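Notes follow once the structure below has been shown.
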Amino acid sequence: MTHSAIKFSAVLSTYALALGGLFLSVSADAAENLAVGTCVSVRGQQSPGRIVALSRGGYVVQGQGKTPSEALNWATTSVEPGPCPAEAAAGASGQLAQTRSCPGVDDDGGGASALEKSFRAVIRQNYSRAAAPGFDGAVTVNFQSFVMSGGRPWREIDAINIAADQTKPVYLAKATLTYCTDYRSAIELRRQSANFTCFTSEATGAADCTMTGGGRDEPTQRISK
């Protein structure tokens with residue numbers, strides 16, 4: 001290759017790098033300052049989505065056909081304005097309004113047994129809280145699933161974690177639940193999958209449950225009101 005050809009190739013490469021940097025800059029700038037509710041597309045994802053929360057350095061995007069709890073956090077550079085999800089074509093603003101307040105408490109499983117309902121109720125009582133007078137931040141709890149094993153006899157090792165009536169069965173449960181924290185300007189949704197040990201309290205004779213592991217959390221979603 002001649003000296004002139006080498007020089008021309010270097011100039012061309014420099015120009016290509018500069019042009020590529022320009023396109024990257026435009027792409028990144030286009031994804032900045034997007035608001036909650038904006039319809040977007042995510043790089044590498046086939047279906048469109050909608051921003052349901054802002055995160056540090058990115059956006060929480062609810063994809064088409066997904067629930068708010070299935071929304072994923074994406075970096076700013078992976079998100080750009082795009083088509084709206086099909087299911088949001090009609091009444092999209094109404095759907096967003098529904099996600100801007102904490103949901104009402106569910107009915108503890110409808111046809112579930114009285115024992116299961118009592119365990120659900122005590123878990124909700126243990127993890128819900130009212131806001132202090134003059135403050136926000138009330139927390140409500142709803143279940144997405146609750147699978148309870150058959151009761152087994154109390155064992156000595158149980159005394160490490162629970163103060164149970166030793167004459168009553170001990171139950172294991174796997175639950176998926178969502179905590180909703182209600183602030184003045186936003187709500188925060190956090191879904192968790194956890195294992196519980198449920199029993200009859202030795203002190204009160206009432207149902208009680210203790211989280212005993214498997215506390216897998218999904219990313220917290222913050223949705224402005």
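Worth a mention:
- Restricting attention to the stretch 167-222 and to residues that are at pLDDT 90 or above and acidic (D, E), the residue that is surrounded by the most Cβ atoms within 10 Å (Cβ to Cβ) turns out to be D208.
- Considering residues of the stretch 77-86 that are surrounded by fewer than 18 Cβ atoms within 10 Å (Cβ to Cβ) and not small (G, A, S) only, the residue farthest from G37 (Cα to Cα): T77
- Taking the criterion of being out of contact with any helix residue (DSSP H, G or I) (no Cβ under 9 Å at 6 or more places or on another chain) and either over 16 Å from D208 (Cβ atoms) or assigned to a loop (DSSP other than H, G, I, E, B) (or both), the residues of the stretch 153-168 that qualify are P153, W154, R155, E156, I157, N161, I162, A163, D165, T167, K168.
- Put simply, of S201, S193 the only residue that is under 26 Å from the mean Cα position of the chain (by Cα), among the polar types (S, T, N, Q) and not assigned by TED's automatic domain parsing to the domain that holds R56 is S193.
- Listed conditions (1) within 18 Å of the chain's Cα centre (by Cα); (2) more than 24 Å from A112 (Cα to Cα) are all met by Y179, apart from (2).
- Across the stretch 131-152, the qualifying residues are those that are assigned to a loop (DSSP other than H, G, I, E, B) and not small (G, A, S), and the one among them that is nearest to the chain's Cα centre (by Cα) is D136.
- Residue count for the stretch 175-191 satisfying the condition of being small (G, A, S) and touching a helix residue (DSSP H, G or I) at 6+ places or on another chain (Cβ under 9 Å): 1.
The values are calculated or read from the model by the stated rules, or taken from the named source; none is laboratory data. Every value quoted in this text rests on a predicted model; they were computed, and no experiment measured them. Virtual Cβ from ideal backbone geometry, glycine too; neighbours counted across all protein chains shown.
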